[in-house]
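The values are calculated or read from the model by the stated rules, or taken from the named source; none is laboratory data. Values in this document were obtained by computation on a predicted structure and should not be read as measured data. Here Cβ is always computed from backbone atoms with ideal geometry, including for glycine, and neighbour counts include all displayed protein chains.
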Amino acid sequence: MRPVSSWGRLSADPHEVIELTDRDRVAAEIGRHHPGIAHGLGKSYGDASLNPHGVLWHTTGLDRFMSFDAATGRLVCEPGVVLRDIQRALIPRGWGLPVVPGTQLVTVGGAIANDVHGKNHHLVGTFGDHVRRLKLVRTDGETIDCGPDLRRDWFAATVAGLGLTGLIVEAELQLRPSNGPWVDGEIVPFSGLDDFFRLSDESEASWEHTVSWIDCTSGRNVRGLFMRARPTEAKGQAWRERRKRMPLTPPLSLVNKLSLRPFNMLYYELNRRRTGVRTVHAEPFLFPLDSLQEWNRMYGPRGFFQYQSVVPREAALGATRDMLDAIAASGEGSFLAVLKTFGDCKPAGLLSFPRPGVTLALDFRNVPAIPALFGRLDAIVRAAGGRLYPAKDARMPREMFEATYPNLPAFQAFRDPGISSALSRRLMGS
Ligand SMILES: Cc1cc2nc3c(=O)[nH]c(=O)nc-3n(C[C@H](O)[C@H](O)[C@H](O)COP(=O)(O)OP(=O)(O)OC[C@H]3O[C@@H](n4cnc5c(N)ncnc54)[C@H](O)[C@@H]3O)c2cc1C
């Protein structure tokens, strides 16, 4: 038994960790040690990949590239392969992943099981839209091959299936042509949500990646930085990766009522002046958080929550304003506050989170005021016809999950009875 935490560091309960390293032995291992849950790099914020006092199947040892066809861009790999390793190995060969979330440090299995989205959702959909085939192993030893054209029902249950339908041991991904790791990037300051929507509307056709940071201490007349980028061909530029690590866990959260306003002001002022289109390496521009390893420790020993919602476009202006008002009234705030529009793509999974509309993601330190604040935010999201992202969640009420994921009853038929997580018990009762 050893303590395992997820990215939010809200708990560190003991788990019986089974290291999976041999694809051919997975059926025997999970058949012998269950109920359990798969755990990739643990980048889900809440309890999706936790099973306190129970079994955890650790997949990062299943990290082999199995085949790659340089003519078609088809990659077959094991589930513990990390997205950044795919990018770094194959972009120089002219192919890259169509969808990468806000951190590249997640596994293929985790990206499928949460059907993750990137800053280009409006153009390319989710990770699951680019998976061609999966091999799933169940705790009773059954192996299921599925894909968009093969046992589609199993595929739709497993993409965004939160690891609950079986253990993915193999995935075939369709990569897309890449000109290299460079992007033309631009940061545009904005003031007010109307301005954000105007920038989104005018950018989405010609900019592949769009996302906004907002200063939630500025209230409903929110100011922010709209970031947009598109791939470009650039040669001969040097880029040196600088990787730093958060050296320790401070005794108290560094993000607090005293620090938040100056933090946000500094960040806004520093970036507001960096106007104009610049050719930059995609990694620091699109994944800035990856340059400080273990930054989650800055929230101190009590950890932190992320609250990520999506609401339909027509309700987004009002709902976002109401959420920002509720946050301001609570006296709490978020340094990492991200606003982005989702496109109209129909998601691949029964439980996929994205839907057409606007998503707002906010990090909050873990303090006693949070349950009441999240209760108010839940009410706003539900009234607007929205929902929350399970990959980021650690506390959504079960009744809200049931009401906002209408495909849940259909999904339940595909669950593996030998698989259970803290999240599945909290939101599905088992
Ligand atoms: C800084 C940061 C930024 C992020 N930005 C985004 C973003 O922009 N968009 C987005 O969508 N998400 C984002 N995320 C969330 C992250 O992409 C997801 O939580 C992702 O699933 C984490 O992958 P992981 O390998 O760490 O999986 P884990 O967190 O370990 O597990 C996630 C789920 O996958 C299941 N799983 C893992 N491996 C397998 C397998 N082999 N078979 C079956 N199930 C499996 C687990 O059981 C669990 O349910 C972000 C997270 C962080 C920390």
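Which one is surrounded by the most Cβ atoms within 10 Å (Cβ to Cβ), of the residues in segment 219-241 that are of a type in the set (G, A, S) and at pLDDT 80 or above?
G224
If we keep just the residues of segment 31-41 that are over 27 Å from W295 (Cβ atoms) and not in a strand (DSSP E or B), which is farthest from the ligand (Cβ to nearest atom)?
R32
Collect the residues in segment 321-372 that are at pLDDT 95 or above, closer than 22 Å to E402 by Cα and basic (K, R), keeping them in residue-number order.
Scanning segment 321-372 gives a single hit, R355.
Can you find, within segment 65-81, the residue that is nearest to I168 (Cα to Cα) among those that are away from the ligand (no atom under 13 Å from the Cβ) and surrounded by 14 or more Cβ atoms within 10 Å (Cβ to Cβ)?
V76
For segment 161-189, what are the residues that are surrounded by 17 or more Cβ atoms within 10 Å (Cβ to Cβ) and part of a loop (DSSP other than H, G, I, E, B)?
Correct list: G161, L162, G163, L164, T165, G166, L175, S178, G180, P181.
Give G418, G386 a once-over and let me know the one that is under 27 Å from P148 (Cα atoms) and over 22 Å from the mean Cα position of the chain (by Cα).
Result of the check over G418, G386: G418.
Take R88 and decide whether it is within 11 Å of the ligand (Cβ to nearest atom) and surrounded by fewer than 19 Cβ atoms within 10 Å (Cβ to Cβ).
no
Does P417 fit the bill of being part of a helix (DSSP H, G or I) and either under 24 Å from S330 (Cβ atoms) or within 16 Å of the ligand (Cβ to nearest atom) (or both)?
no
Table: residues versus (1) at pLDDT 90 or above; (2) away from the ligand (no atom under 16 Å from the Cβ); (3) buried (at least 19 other Cβ atoms within 10 Å of the Cβ).
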position: M246; (1), (2), (3): no, no, no
position: P251; (1), (2), (3): no, yes, no
position: L266; (1), (2), (3): no, yes, no
position: E269; (1), (2), (3): no, yes, no
position: V310; (1), (2), (3): yes, no, yes
position: A315; (1), (2), (3): yes, yes, no
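Could you please tell me which pairs satisfy a Cβ distance under 9 Å, a separation of 6+ or placement on different chains, a first residue in segment 40-57 that is in contact (Cβ under 8 Å) with a residue 12 or more places away in the chain, and a second residue that is outside any strand (DSSP E or B) and among the acidic types (D, E)?
As it stands, the answer is S44/D393; Y45/D393; G46/D393; D47/D393; A48/D393; W57/E29, since those pairs meet every condition given.
Could you say which residue among T126, T158 is in contact with an Asp or Glu (Cβ under 8 Å, 6 or more places away or on another chain), touching a residue at least 40 places away in the same chain (Cβ under 8 Å) and surrounded by 17 or more Cβ atoms within 10 Å (Cβ to Cβ)?
The conditions single out T126.
Taking the condition of being in contact (Cβ under 8 Å) with a residue 24 or more places away in the chain and outside any helix (DSSP H, G or I), how many residues in segment 190-234 meet it?
Total meeting the criteria: 29.
If you go through segment 201-213 one residue at a time, do you hit one that is more than 30 Å from D325 (Cα to Cα), touching a strand residue (DSSP E or B) at 6+ places or on another chain (Cβ under 6 Å) and modelled with pLDDT of 95 or more?
yes
All but one of (1) over 30 Å from A12 (Cβ atoms); (2) hydrophobic (A, V, I, L, M, F, W, C); (3) at pLDDT 95 or above hold for F304, so report the exception by its number.
(1)
Can you find even one residue in segment 42-52 that is near the ligand (Cβ under 9 Å from one of its atoms), under 22 Å from L173 (Cβ atoms), basic (K, R) and under 24 Å from the mean Cα position of the chain (by Cα)?
Within segment 42-52, one or more residues are near the ligand (Cβ under 9 Å from one of its atoms), under 22 Å from L173 (Cβ atoms), basic (K, R) and under 24 Å from the mean Cα position of the chain (by Cα).
Considering segment 97-119 alone, what residues qualify as being crowded, with 22+ Cβ neighbours inside 10 Å and more than 9 Å from the ligand (Cβ to nearest atom)?
Passing the criteria: only L97.
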